[in-house]
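See structure below.
The values are calculated or read from the model by the stated rules, or taken from the named source; none is laboratory data. Quantities reported herein were computed from a predicted structural model and do not represent experimental measurements. Cβ placement follows ideal geometry from the backbone for every residue including glycine, while neighbour counts extend to all protein chains displayed. In case anyone asks, the SASA skips ligands and DNA or RNA and just uses the protein heavy atoms, side chains included. Shrake-Rupley method; radii C 1.70, N 1.55, O 1.52, S 1.80 Å.
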Amino acid sequence: MLTADEHSGFLKSVEQVQQAALNHLSANLNRKYAISFIANLQRGVDQIVQTSIDQGQRLDCKAGCSHCCCVRVETLAPEVFQIANALKKLPPENIAEFTERLRKHAALAQGVSVLDHRIVCPFLIDKLCSIYTVRPAVCRKAHSYAAEKCSTPGAEMPESLVIIMNSEALMKGTANAYAQVGLSASAHELGQAVLLALTDDTAESRWYGGESVFDSVAPNMTEKETR
């Protein structure tokens, strides 16, 4: 639970990020820039985590530790297209392999609540992230002080409030800025959304035209909503 001052500071940070992002998006509004701009959010989250480490915070996350890679990942639309565009640059046989992995994942993830979502990420191969350089901001902010606790489903991960709150401010402010320029900024389940972007050649242009192209992807459902 945040104190009143912490909550006020969070809202102020969101507003500052939102205004800065809005200035950039408004001045450079074209489809390519609208998608590439999301990399600023990801770099920002990376910097927040690195700053915490530089200040002496020890995180227990490392390559091959993939306990958190089976929880539901909520991804912003421009991140979805960023990932899909990266996949489209691969050889045809690799694209076909990822498409099949995404189809299987979508079948498993459809309609599953957040608490019940214990489905391995379709991009996790041999315990390593195959889209690491373009992974979503929500994945970048994930961290733990004690990796062994992450192996227990439903366990509360020991995390840094500073990393979480600063990252959330960046994510919310950026999403708000996209919405202000008329681009859908809702978050959607990673695998199902990327599958749509990868297999529908019109998705990107329709999104830039203001359409919420991922509405067919099941929204983030809480346990209460599924009862």
Taking the stated definitions as given, is TYR178 hydroxyl-bearing (Ser, Thr, Tyr), closer than 15 Å to GLN18 by Cα and at pLDDT 95 or above?
yes
Between residues in the stretch 89-114 that are more than 18 Å from LEU190 (Cα to Cα) and residues that are among the aromatic types (Phe, Trp, Tyr) and modelled with pLDDT of 95 or more, which pairs lie under 8 Å by C-beta distance while being six or more apart or on different chains?
LEU90/PHE98
Of the conditions (1) open to solvent by less than 60 Å² (accessible area, probe 1.4 Å); (2) closer than 30 Å to GLN19 by Cβ, GLY209 clears all except one; give me its number.
(1)
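Yes/no per residue for (1) surrounded by 19 or more Cβ atoms within 10 Å (Cβ to Cβ); (2) among the aliphatic types (A, V, I, L, M):
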site: PRO78; (1), (2): yes, no
site: ASN85; (1), (2): no, no
site: PRO92; (1), (2): no, no
site: ALA106; (1), (2): yes, yes
site: LEU115; (1), (2): no, yes
site: PRO122; (1), (2): yes, no
site: ILE125; (1), (2): no, yes
site: LYS141; (1), (2): yes, no
site: LEU170; (1), (2): yes, yes
Filter the stretch 132-148 for residues that are among the charged types (D, E, K, R) and more than 16 Å from SER160 (Cβ to Cβ) and give the result.
ARG135, GLU148
